[in-house]
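A quick write-up on the structure given underneath.
The values are calculated or read from the model by the stated rules, or taken from the named source; none is laboratory data. Keep in mind it's a predicted model, so treat the numbers as computed, not measured. Methodologically, a virtual Cβ is constructed for each residue, glycine included, from the backbone with ideal geometry; neighbour enumeration extends over all protein chains shown. The accessibility values were calculated without ligands, DNA or RNA, using every heavy atom of the protein model including side chains. Shrake-Rupley method; radii C 1.70, N 1.55, O 1.52, S 1.80 Å.
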Amino acid sequence: MAVKTIPNAALEQAENLLNFIGRAPSAYQATAEVAKIMSAKGFREYQLKDLTNLKRGDKGYYQKNGSAIIAFVVGDEPLENGFRIIGAHTDSPTLRIKPNAISVNESVVRLCTEVYGGGLLNSYFDRPLSLAGRCVLKSGDSFKPEVRLVDFQEPLLILPNLCIHMNREANEGVKIERQKVLLPIVALSDECEEDWLDKLLADELGCDLDSILDYDLYIYEYDKPCFVGRNKEFISAGRLDNLFSTFCCFNALAEVSDHVRPGIQIALATDHEEVGSGSKQGAASAFIRDFLEALAYGLGANRQEFLDLHDKSYMISADCAHAVHPNYAEYADPTHRPAINGGPTIKVAASQAYSTDAYSAAIFRELCAGAEVPCQLFVNRSDLRGGSTIGPITSRLVPVATVDMGMPIWGMHSIRETGGTLDVYYFDKLCRHFYSA
Ligand code: ZN
């Protein structure tokens, strides 16, 4: 059998992605890590009111809620060439810790959770879990409480399965009763201390217990991302959907940012895609349009010139796609067979669950050809509904030609997903080409 070796450049790029994912257990850390990457390449943080007197070569970023981020580089003749956008999302399916989280049963302390997004819940069992997110503390100003990121980085929790001896049918499929069983175990104790979690947070953050006002906390898999396969042809990590695209597009923009090209180069990543994008920092929010509008004014455009930019612009809505699974090959459409390490995959849906049309797909094919990367196609089987992305949602307020595409993975929405090492390299190449072509 032919052994396909993975070039060193691909291993290196994939390793960068895996390290990024390891540092980004929730949307908050993902956003902060992106900001670090951009800052290191000279991008300055802007507030909307500071987007004035912009000129060719200016570069910066803007954060919304600490969980969404937009970066830009001003290229040549920006108002003639429009926005060139790659959009992704910072969030991934997981379990969110409920406000009154402590539940003690049989002298075992458990945390109450809610399901966030459409996770493959069976993958959450029998593996060490940790907690990350943000904590909001008293600051002396009620309207400006202090926000601190928190990541325990230790195996704090576990969700043990019911043993096979008590459910002999387990291998035929287990119904997961969310309210009853999605309570990860965190300690042993006879009494129910209601502020047990607040104490843990105060300890971790080194602050007073009574300064803790609230938290947004999510579980994540403790084990680190890694390569898999005889030739490291696969990557195995949580949150490939969609830190894969998030890392690649921002990193590429940062890397090529000193070579200004036509138009206004944009990388963006929104929050809450996995639950419909309907928050102020989600793709359905006006914040993307507001930012683009402020940016256009900063470049000297008037309102009409800003509106005119939409017809000159192009967006890649970048997410993950379903590679054909060798053990479940019948779930893929017979004439569309996206493969791991087969390259960026255009996603098409008559329902407009993907925003791709012939026009936006044609441009994307040309981009892939220019970047010298292969290009694949995905459509759902006609009898399967499939998922969606931010593309059709951003298109409502930012009406630009948009292609939906993704990097092919297996096990989408599992706590650990499987992707292709070479695909990281391909997507990185494509993003660099897009921002510098
Ligand atoms: Zn996604």
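The dipole here belongs to segment 302-437: it is taken about the Cα centre, uses +1 on the Cβ of Lys and Arg and -1 on the Cβ of Asp and Glu, and is about 120 debye. Residue-wise HN-Hα couplings along segment 294-299, as the Karplus relation 6.51 cos²θ - 1.76 cosθ + 1.60 with θ = phi - 60° gives them from phi, are 4, 5, 4, 4, x, 9 Hz; Gly and Pro carry x. Rounded if a/c is under 1.5, else prolate if a/b is larger than b/c, else oblate: which is segment 181-302, with a ≥ b ≥ c the root eigenvalues of its Cα gyration tensor? Oblate, because a/c is 1.5 or more while a/b does not exceed b/c.
For residue 371, neighbours were defined as the other residues whose beta-carbon sits under 12 Å from its Cβ, and their charges (Lys and Arg +1, Asp and Glu -1) total 0.
Applying Stokes-Einstein at 10 °C and 1.306 mPa s to the Kirkwood radius of segment 282-387, computed over alpha-carbon pairs, gives a translational diffusion coefficient of 98 µm² s⁻¹.
Toward the positive end of the charge dipole of segment 83-172, with +1 on the Cβ of Lys and Arg and -1 on the Cβ of Asp and Glu, the farthest Cα among 171, 140, 121 is that of 140. If you run the Gaussian network model on the chain, springs between alpha carbon atoms under 10 Å, then out of 304, 29, 179 the most flexible one is 304. Each principal axis of the Cα atoms in segment 1-121 has its own extent, and those three values, largest first, are 67, 56, 25 angstrom.
When peptides 139-150, 166-177, 389-400, 190-201 are sorted by average Cβ neighbour count within 10 Å, with the highest value leading, the order is 389-400, 190-201, 139-150, 166-177.
With the simple spin-label model, which puts each label point 7 Å out from Cα in the Cβ direction, the residue 358 to residue 188 separation comes to 6.9 nm. Per residue, the convex hull around the alpha carbon atoms of segment 153-245 comes to 206 Å³. Of all DSSP beta bridges confined to the chain, the antiparallel ones make up roughly 65%. Estimated from helical segments only, the mean residue ellipticity of the chain at 222 nm is -8500 deg cm²/dmol, where each DSSP H run of four or more residues counts as -39500 (n - 2.57). Mean silhouette area of segment 338-437, derived from the convex hull of its C-alpha atoms and averaged over all directions, reads 6.9 nm².
Computed about the Cα centre, the dipole magnitude for the chain is approximately 1020 debye when only Lys and Arg (+1) and Asp and Glu (-1) carry charge, each at its Cβ.
Computed over every Cα-Cα pair of segment 33-77 and binned at 5 Å starting from 0, the pair-distance distribution P(r) comes out as 5, 21, 33, 23, 13, 3, 1 percent. Helix 8-23 and the longest principal axis of the Cα set of the chain meet at an angle near 50°.
For residue 19 and residue 175, calculate 0.36 nm times their separation in residues minus their Cα-Cα distance, and state this gained length in nm to one decimal.
Value of the extension gain: 52.7 nm.
With a Förster radius of 35 Å applied to the C-beta separation of residue 231 and residue 147, the computed FRET efficiency comes to 0.20. Note on the chain: with a GNM built from Cα contacts shorter than 10 Å, the maximum mean-square fluctuation among 278, 75, 22 falls on 278. Within the shell defined by Cβ-Cβ distances under 13 Å, the residues around residue 78 carry a net charge of 0, with Lys and Arg each +1 and Asp and Glu each -1.
Using a ≥ b ≥ c from the Cα gyration tensor of segment 259-330 (square roots of the eigenvalues), is it rounded, prolate or oblate, where a/c under 1.5 gives rounded and otherwise the larger of a/b and b/c decides, a/b for prolate?
Prolate shape, in that a/c is at least 1.5 and a/b is the bigger ratio.
The residue list 71, 60, 97 was ranked by how far each Cα lies along the charge dipole of segment 35-98 toward its positive end, using unit charges on Cβ atoms, and 97 comes out on top. Of the residues 413, 320, 218, the one whose Cα sits farthest toward the positive end of the charge dipole of the chain, with +1 on the Cβ of Lys and Arg and -1 on the Cβ of Asp and Glu, is 320. Placing a pseudo-label 7 Å from each Cα along the Cα-to-Cβ vector at residue 108 and residue 44 gives an inter-label distance of 5.5 nm.
Its residue count N fixes a reference of 2.2 N^0.38 Å for the chain, and the Cα radius of gyration divided by that reference is 1.01. The order of the peptides 52-59, 242-249 by mean Cβ neighbours within 10 Å, most packed first, is 242-249, 52-59.
Taking the accessible area of the chain, probe 1.4 Å, and keeping the other protein chains in place, the carbon and sulfur fraction comes to 48%. Label-to-label distance, residue 120 versus residue 307, with points set 7 angstrom from Cα along the beta-carbon direction: 4.7 nm. For segment 62-160, the dipole from Cβ point charges (+1 on Lys and Arg, -1 on Asp and Glu) about the Cα centre works out to 380 debye, to the nearest 20.
Across 102, 219, the residue with the most accessible area heads the list, and the full order at a 1.4 Å probe is 102, 219. Cys residues of the chain that find no other Cys beta carbon under 4.7 Å: 112, 135, 163, 192, 207, 226, 248, 249, 320, 431. Hey, in the GNM for the chain with a 10 angstrom Cα cutoff, which one of 382, 123, 279 fluctuates hardest? Per the Cα network of the chain with a 10 Å cutoff, 382 tops the list. Within segment 82-134, the percentage of alpha carbon pairs spaced more than 13 angstrom apart rounds to 73%.
Along its three principal directions, the equivalent ellipsoid of segment 1-58 from the Cα gyration tensor extends over semi-axes of 34, 17, 8 Å, largest first.
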